[in-house]
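**Q** The structure that follows is given in the form of structure tokens.
The values are calculated or read from the model by the stated rules, or taken from the named source; none is laboratory data. Please read all numbers here as calculations on a predicted model, not as lab measurements. Just the protein is used for accessible areas: all its heavy atoms, side chains included, with ligands, DNA and RNA removed. Shrake-Rupley method; radii C 1.70, N 1.55, O 1.52, S 1.80 Å.
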Amino acid sequence: MNQHVTNLCKGTQGLLAGALAGIPADKLCDQSKGQRNHPLWVAGHLTIARAGLANELGVPVQVPANWSKLFGRGSTPTSDPKAYPSLAEVMAVYNQACTKIAEALPKTTPDKLAGPHGIDQLRPFFGTLGDLVVGLGVLHDALHIGQITVWRQMMGFSRLMG
């Protein structure tokens, strides 16, 4: 089971890379046409979530302290690119978290996955560590990558998939 979830986490990692491909740096924070969650915010938000998941799996990933305010749950995206780190910085941390999660999951016991996790605000949605792995490693990424695909279409970029 862990290998299937690991594969799905890797799959969403590839989807995010594909969704961000070809977007010029000067467009990453574009909120025109009613698009609140721009690609850079989404990438940062997913990075915060993946780092949190890695931490819960016991393979810590450090993110700069101000990233929670910029990208965390409840943050408000802004169209000012100066407010954010570069996409390269964000993706480096995201990919580090993905690598650590992929290494940790096959070693995580079923008992540990059936147990609790330490993110109180997410417990109503994802009751166990295993639920959190699927929720943050797959569902959450897919939801927000979908926002980038809609953003791409609204902004006139090519579709992510056919």
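**Q** For the stretch 22-96, what's the relative contact order in percent, using C-alpha pairs closer than 8 Å and at least 6 residues apart? Could you put the intermediate results ahead of the total?
**A** Numbers: 75 pairs, mean separation 29.4, N = 75.
Over the stretch 22-96, the number comes to 39 percent.
**Q** Right, another one. Any chance you could give the angle, 0 to 90 degrees and rounded to 10, that helix 39-56 forms with the longest Cα principal axis of the chain?
**A** Around 10 degrees separate the two axes.
**Q** Using the eigenvalues of the Cα gyration tensor, what equivalent ellipsoid semi-axes result for the stretch 47-106 when each is taken as the square root of five times the eigenvalue, whole Å, largest first? Could you put the intermediate results ahead of the total?
**A** Working: eigenvalues 108, 28, 13 Å².
Listed largest to smallest, the semi-axes of the stretch 47-106 are 23, 12, 8 Å.
**Q** Shifting gears a bit: In whole angstrom, how far apart do the alpha carbon centroids of the stretch 1-51 and the stretch 90-138 sit?
**A** The stretch 1-51 and the stretch 90-138 have Cα centres separated by 17 Å.
**Q** Test of understanding: what is the full-extension gain from M155 to N37, defined as 0.36 nm times their sequence separation minus their Cα-Cα distance?
**A** 41.2 nm
**Q** Right, next: At q = 0.14, 0.24 Å⁻¹, what is the base-10 log of I(q)/I(0) for the stretch 21-83 according to the Debye formula with one equal point scatterer per Cα and no solvent? Please give it to two decimals.
**A** Values returned for q = 0.14, 0.24 Å⁻¹ are -0.44, -1.00.
**Q** Give me the lysines in straight-line cross-link reach of K27: C-alpha distance below 18 Å, same-chain residues under 8 apart excluded.
**A** Reachable lysines: K82.
**Q** I've got another one for you. At a probe size of 1.4 Å, how large is the accessible area of W41, to the nearest 10 Å²?
**A** 10
**Q** Return one number: the angle in degrees, 0 to 90 and rounded to the nearest 10, between the long axis of the Cα atoms of helix 87-104 and the longest principal axis of the Cα atoms of the chain.
**A** 20
**Q** Next up: Let me check the size of the stretch 76-162 from its C-alpha atoms; what are the radius of gyration and Dmax in Å?
**A** Looking at the stretch 76-162, its Cα Rg and Dmax stand at 16.4, 47 Å.
**Q** Among the lysines, which have Cα under 25 Å from the Cα of K10 when same-chain residues fewer than 8 positions away are ignored?
**A** K100, K107, K112
**Q** Right, here's the next one. Of all the accessible heavy-atom surface of the chain, with the other protein chains kept in place and a 1.4 Å probe, what percent is carbon and sulfur?
**A** Values: 4710 of 8020 Å².
C and S fraction of accessible area: 59 percent.
**Q** I've got another one for you. Defining a contact as two alpha carbons under 8 Å apart and six or more residues distant in sequence, what relative contact order in percent does the chain show?
**A** 33
**Q** Over 18 Å, how big is the tail of the calculated P(r) for the chain, in percent of all Cα pairs? Can you show the working numbers first?
**A** Working: 7437 of 13041 pairs.
Every Cα pair in the chain considered, those over 18 Å come to 57 percent.
**Q** Can you give me the accessible area per residue for the stretch 4-162, using a 1.4 Å probe, in Å²? Before the final figure, lay out the partial values.
**A** Values: 7740 Å² over 159 residues.
For the stretch 4-162, the per-residue accessible area is 49 Å².
**Q** Treating the angle as unsigned and between 0 and 90°, give the value, to the nearest 10°, between the Cα long axis of helix 2-20 and the longest Cα principal axis of the chain.
**A** Helix 2-20 sits roughly 10 degrees off the main axis of the chain.
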